[in-house]
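The values are calculated or read from the model by the stated rules, or taken from the named source; none is laboratory data. Keep in mind that what you see is a predicted model, and the values were worked out from it rather than measured. Neighbour counts are summed over all protein chains in view; Cβ atoms, including those assigned to glycine, are modelled from backbone coordinates with ideal geometry. Only protein heavy atoms, including side chains, enter the accessible area calculation; ligands, DNA and RNA are left aside. Shrake-Rupley method; radii C 1.70, N 1.55, O 1.52, S 1.80 Å.
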Amino acid sequence: MPFVLNDENKVNSYGFRIRTSGIDLSRFQNNPVMLDDHWESTRYVVGKWNDIKKEGTNLTAIPEFDMEDEDAARLAGKVKRGFIKACSMGILFDPQDMQYETDGTRVLNKCELLEASIVAIPSNANAIRLYHRTDNGNELMNAEQIKLALNITQTKTEINTMKRVFLSTAALIALTLTDKYDATSGIEQSLVDDAILRLKNELDTTKANLNAKESALKAIADQAAAAKKLAVVKKVDDAIKEGRFDAVSTGADGTQVDNRTEFINMGMVNEATLDAVLSALPAKRSLAANVHNRVPATGEIKTMDDFQKLSVSEQLAYKAANPNEYEKLLATM
């Protein structure tokens, strides 16, 4: 379904119309980027625009969402289900290309399309983004720069016929404009636009700070997870060395069981459970470690009769310490 990127018959929130025939698409067609709500970052690229064309007074395009991106797929679903139907342009323009009509409205005759975004609400202060050229390239204009640029060619007639609007009490409180409102004539549209832009800039700053904090928290969480895994792996490997269980065993069906990995996974889920299980498994001890009596010297045992005269504990100790000599004694029987 095509989206209308521009309708030159409609006045935007800044008080001017954009002539569709004067929109330069050359750079945009080479990189038809689709952003989420004009956030100028690769993180917020949600797709691209296809079949970009001018149809009379309208500029239209068909969105193609990056379905491998979770946020893009979410937006695509909302568009498909009809919950989001709006988009808006980010344009580069020269205030000198602004022309005044006989009815006092302004028309921008020429501009360059840099990006187009999916937005929730069209025709508000965020429905179009304005850029200007600087020595460092193209930069997004702030509220003061926009106000100055749009006032460069302002005429006395326009000042005298300044558009006024009526707002609800809740809107006036939110925009902190209650002291500038007249119940009879309303309030100047430009004051409302300035207040909305101010709130948008504050929101942009808040979002940027939140993203920075989220990145920092993720880094801390990743470090903690890595440290936990190192500790769990060490506990499991130490238990294997102590003979508490085998790293690999054979199951009842003859298949190999990776006990080491299973114990590591257990520890990553609940380290306390791993500690309890490992402590319940007895460590293997060598026969020599269980014998506390003296170990008879090889020279003392020359025949099986000599061996049989030893106590049971001494026999065990001799066998553990001198396996080859013990085999020779057996051979003499």
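Residues in segment 1-39 that are surrounded by 18 or more Cβ atoms within 10 Å (Cβ to Cβ) and hydroxyl-bearing (Ser, Thr, Tyr): SER13, TYR14, THR20.
Let's see how each residue does on (1) charged (D, E, K, R); (2) surrounded by fewer than 12 Cβ atoms within 10 Å (Cβ to Cβ):
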{"site": "LYS213", "(1), (2)": "yes, yes"}
{"site": "ALA227", "(1), (2)": "no, yes"}
{"site": "LEU230", "(1), (2)": "no, yes"}
{"site": "VAL233", "(1), (2)": "no, no"}
{"site": "ALA239", "(1), (2)": "no, no"}
{"site": "GLU242", "(1), (2)": "yes, no"}
{"site": "ASP253", "(1), (2)": "yes, yes"}
{"site": "VAL257", "(1), (2)": "no, no"}
{"site": "ARG260", "(1), (2)": "yes, no"}
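Checking each residue in segment 305-329 for being surrounded by 14 or more Cβ atoms within 10 Å (Cβ to Cβ) and hydrophobic (A, V, I, L, M, F, W, C) picks out PHE307, LEU310, LEU316, ALA317, ALA320, ALA321, LEU329.
From the list VAL165, VAL192, the lone residue that is in contact with an Asp or Glu (Cβ under 9 Å, 6 or more places away or on another chain), β-branched (Val, Ile, Thr), open to solvent by less than 60 Å² (accessible area, probe 1.4 Å) and at pLDDT 75 or above is VAL165.
For segment 177-186, the criterion of being small (Gly, Ala, Ser), assigned to a helix (DSSP H, G or I) and at pLDDT below 75 is satisfied by no residue at all. From the list ALA120, ALA116, the one residue that fits, being at pLDDT 75 or above, open to solvent by 40 Å² or more (accessible area, probe 1.4 Å) and within 27 Å of the chain's Cα centre (by Cα), is ALA120. Pairing residues of segment 174-187 that are without any contact (Cβ under 8 Å) to a residue 60 or more places away in the chain with residues that are of a type in the set (Gly, Ala, Ser), at Cβ distances under 9 Å and at least 6 apart in sequence or on separate chains, gives ALA174/ALA195; LEU175/ALA195; THR176/ALA195; LEU177/ALA171; LEU177/ALA195. If you filter segment 45-72 down to residues that are crowded, with 18+ Cβ neighbours inside 10 Å and not β-branched (Val, Ile, Thr), you find that the one that is nearest to the chain's Cα centre (by Cα) is ALA72. A single member of PHE263, PHE245 is of a type in the set (Phe, Trp, Tyr) and part of a helix (DSSP H, G or I), and it is PHE263. Tell me, yes or no, whether segment 85-106 has at least one residue that is among the β-branched types (Val, Ile, Thr), within 24 Å of the chain's Cα centre (by Cα) and open to solvent by less than 80 Å² (accessible area, probe 1.4 Å). Looking for residues that are among the β-branched types (Val, Ile, Thr), within 24 Å of the chain's Cα centre (by Cα) and open to solvent by less than 80 Å² (accessible area, probe 1.4 Å), one finds none in segment 85-106, hence no.
Can you tell me which residue in segment 71-108 is farthest from LEU150 (Cα to Cα), limited to those that are aliphatic (A, V, I, L, M) and assigned to a strand (DSSP E or B)? Before you say what the answer is, go through the steps one by one.
Here is the first cut: in segment 71-108, the ones aliphatic (A, V, I, L, M) are 72-73, 75-76, 79, 84, 86, 89, 91-92, 98, 107-108.
Retained after the next criterion (residues that are assigned to a strand (DSSP E or B)): 86, 89, 91-92, 98, 107-108.
Working: ALA86: 25, MET89: 17, ILE91: 14, LEU92: 13, MET98: 8, VAL107: 11, LEU108: 10 Å.
Checked segment 71-108; the qualifying residue farthest from LEU150 (Cα to Cα) is ALA86.
Of all residues in segment 47-58, those that are hydroxyl-bearing (Ser, Thr, Tyr) have Cβ atoms under 8 Å from Cβ atoms of residues that are open to solvent by less than 90 Å² (accessible area, probe 1.4 Å), 6 or more apart or on another chain, in THR57/ASP7; THR57/GLU8; THR57/THR20.
For ALA61, the conditions (1) at pLDDT 90 or above; (2) in contact with a Ser or Thr (Cβ under 8 Å, 6 or more places away or on another chain) all hold with the exception of (2). Filtered by the rule that a residue be loosely packed, with under 14 Cβ neighbours inside 10 Å and either outside any helix (DSSP H, G or I) or of a type in the set (Lys, Arg) (or both), segment 195-211 gives a lone residue, LYS207.
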